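J.: If you scroll down you'll find the structure; I have some questions about it.
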Amino acid sequence: MARYAIGDLQGCYHSFMQLLAKLNFAPGRDQLWLVGDLINRGTGSLPVLRWLYAHREHIKVVLGNHDLHAIAVAHAVRPPHRFDTLAPLLAAEDGEALLHWLRHQPLMVLEDDYAMIHAGLYPQWLLPQARALAAEVEAVLQSPDYLGFLQQMYGNQPAAWHADLTGMDRLRAITNALTRMRVVDAAGAMEFAFKGELSELPAGYLPWFQAAGRQSAQAKQPILCGHWSALGLYQAHGVIALDTGCLWGRELTAYALDTGEATQVALDPRDQPPGLGGD
């Protein structure tokens, strides 16, 4: 069995299929780990989710911010963004079932040899602690009260983690770290506007994985993540970042978990809608 971790798909179905063909991926023999942002912005969110659902026994996924946004839009909690490409999914006969399955996926995977998140971890968190905190959000998101969570999920506060956080502040802080974090200041507070390259870091901020005293740096498991397309393929500080900006005209990347080999395909032009903007 071969295991591959793949960066942010964002609905790039044709590029995804080309990458699987290049890997000679065989369901039932091989396994995929997907670092979140499975859908939205690319033209193929519906076929991506249909493929993932059909092969759900052979994949591990975590939710990204675009996946949570799609669930919120589907339930009329948030209006669609200008560059969303969710309409075919929302109109599909099986769309509701696919989004129900998506809502029941985790925010973190922790195995003996790898951890997987979409965005980041607070400096104070050990990996088992992070997994337990992710489970708090998952329990609410998968509960009958999930609409209440979605309605209060959005917002940038609290910006830093404190163990005494409670209620929705606690859930929002966990969700923001796992699905939106890129950089933190010396106090561990997140800043969400920055999306650029390492050479462009705002004064006083570092990538979350370079934060002083980061507890998860002591773990034996490398951390697979995505979310930060300007970072590209990055392997240092116990992190393997896999969002290589396929949607933005670059590549889709697979990382072989057992050999460390990276495989890439270029964006298939069919996956990128005209006039796409934002991140």
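J.: Using the heavy atoms of the protein chains alone and a 1.4 angstrom probe, what is the accessible area of the chain per residue in square angstrom?
T.: 41 Å²
J.: Now, a different point. I'd like the distance between the alpha-carbon centres of the stretch 52-130 and the stretch 158-188, rounded to an integer number of Å.
T.: 18 Å
J.: With the crude spin-label approximation of a point 7 Å out along Cα→Cβ, what separation in nm comes out for Ala26 versus Phe83?
T.: 4.0 nm
J.: So if I place +1 on the C-beta of Lys and Arg and -1 on the C-beta of Asp and Glu, and nothing else carries charge, what would the dipole magnitude of the stretch 111-171 be about its Cα centre? I want it in debye, nearest 20.
T.: Result for the stretch 111-171 is approximately 200 debye, rounded to the nearest 20.
J.: Picking from Gln218, Trp228, Gly249, whose Cα lies most toward the positive end of the charge dipole for the stretch 125-279 (charges on Cβ: Lys, Arg +1; Asp, Glu -1)?
T.: Of the candidates, Gln218 comes out farthest on the positive side.
J.: Given Cα positions, please report Rg to Rh for the stretch 124-180, the hydrodynamic radius being the Kirkwood one.
T.: Rg/Rh for the stretch 124-180 comes to 0.94.
J.: Continuing with the same structure: Starting from the Cα of Gln142, step 7 Å along the direction of its Cβ; do the same at His55; then give the gap between the two resulting points in nm.
T.: Spacing of the two 7 Å Cα→Cβ label points: 2.3 nm.
J.: Roughly how much of Glu200 is accessible, in Å² to the nearest 10, using a 1.4 Å probe?
T.: 100 Å²
J.: Please list, in order, the residues from the stretch 166-202 whose amide nitrogen is less than 14 Å from a point placed 7 Å along the Cα→Cβ vector of Ala135.
T.: none
J.: Quick one: Kirkwood hydrodynamic radius for the stretch 123-279, alpha-carbon pairs, angstrom, one decimal?
T.: 17.3 Å
J.: Describe numerically, in nm with one decimal, the distance between label points set 7 Å from Cα along Cα→Cβ at Gln218 and at Thr259.
T.: 3.5 nm
J.: If you don't mind, another one. On full extension of the chain, what length is gained from His104 through Ala163, given 0.36 nm per residue of separation minus the C-alpha to C-alpha distance?
T.: Taking His104 through Ala163 to full extension adds about 18.7 nm, to one decimal.
J.: In terms of solvent-accessible area of protein heavy atoms at a 1.4 angstrom probe, what is the ranking of Arg3, Arg78, highest value first?
T.: Output order, biggest surface exposure first: Arg78, Arg3.
J.: GNM on the chain, C-alpha springs below 10 Å: top fluctuator among Leu242, Leu126, Leu34?
T.: For the chain, modelled as a Gaussian network with Cα springs under 10 Å, the answer is Leu126.
J.: All other residues with a Cβ under 10 Å from the Cβ of Tyr205 taken together, and with Lys, Arg as +1 and Asp, Glu as -1, what is their net charge?
T.: Numbers: positive: Arg182; negative: Asp185, Glu191.
Charge balance near Tyr205 sits at -1.
J.: Top to bottom by accessible area (1.4 Å), largest first, where do Arg82, Arg270, Arg180, Arg50 land?
T.: On the way: Arg82 205, Arg270 140, Arg180 65, Arg50 105 Å².
Ranking Arg82, Arg270, Arg180, Arg50 by accessible area, largest first, yields Arg82, Arg270, Arg50, Arg180.
J.: Under a Cβ-Cβ cut-off of 14 Å, what is the net charge of the residues other than Ala130 that fall near it, where Lys and Arg count +1 and Asp and Glu count -1?
T.: 0
J.: Still on this model: Ignoring ligands, DNA and RNA, please state the percent of accessible area on the chain from carbon and sulfur, probe 1.4 Å.
T.: Numbers: 5740 of 11330 Å².
Carbon and sulfur: 51 percent of the exposed surface of the chain.
J.: Across the chain, how large is the tail of the calculated P(r) beyond 28 Å, expressed as a percent of all Cα pairs?
T.: So the portion of pairs separated by more than 28 Å is 30 percent.
J.: Can you give the extra length, in nm with one decimal, that the chain gains between Gln152 and Ala76 once fully stretched, where that is 0.36 nm per residue apart less the Cα-Cα distance?
T.: Here the answer is 26.0 nm.
The values are calculated or read from the model by the stated rules, or taken from the named source; none is laboratory data. These figures come from a predicted structure and were not determined experimentally. All Cβ positions, glycine included, derive from the backbone under ideal geometry; neighbour counts span all protein chains shown. Heads up: the accessible areas ignore ligands, DNA and RNA and are worked out on the full protein's heavy atoms, side chains in. Shrake-Rupley method; radii C 1.70, N 1.55, O 1.52, S 1.80 Å.
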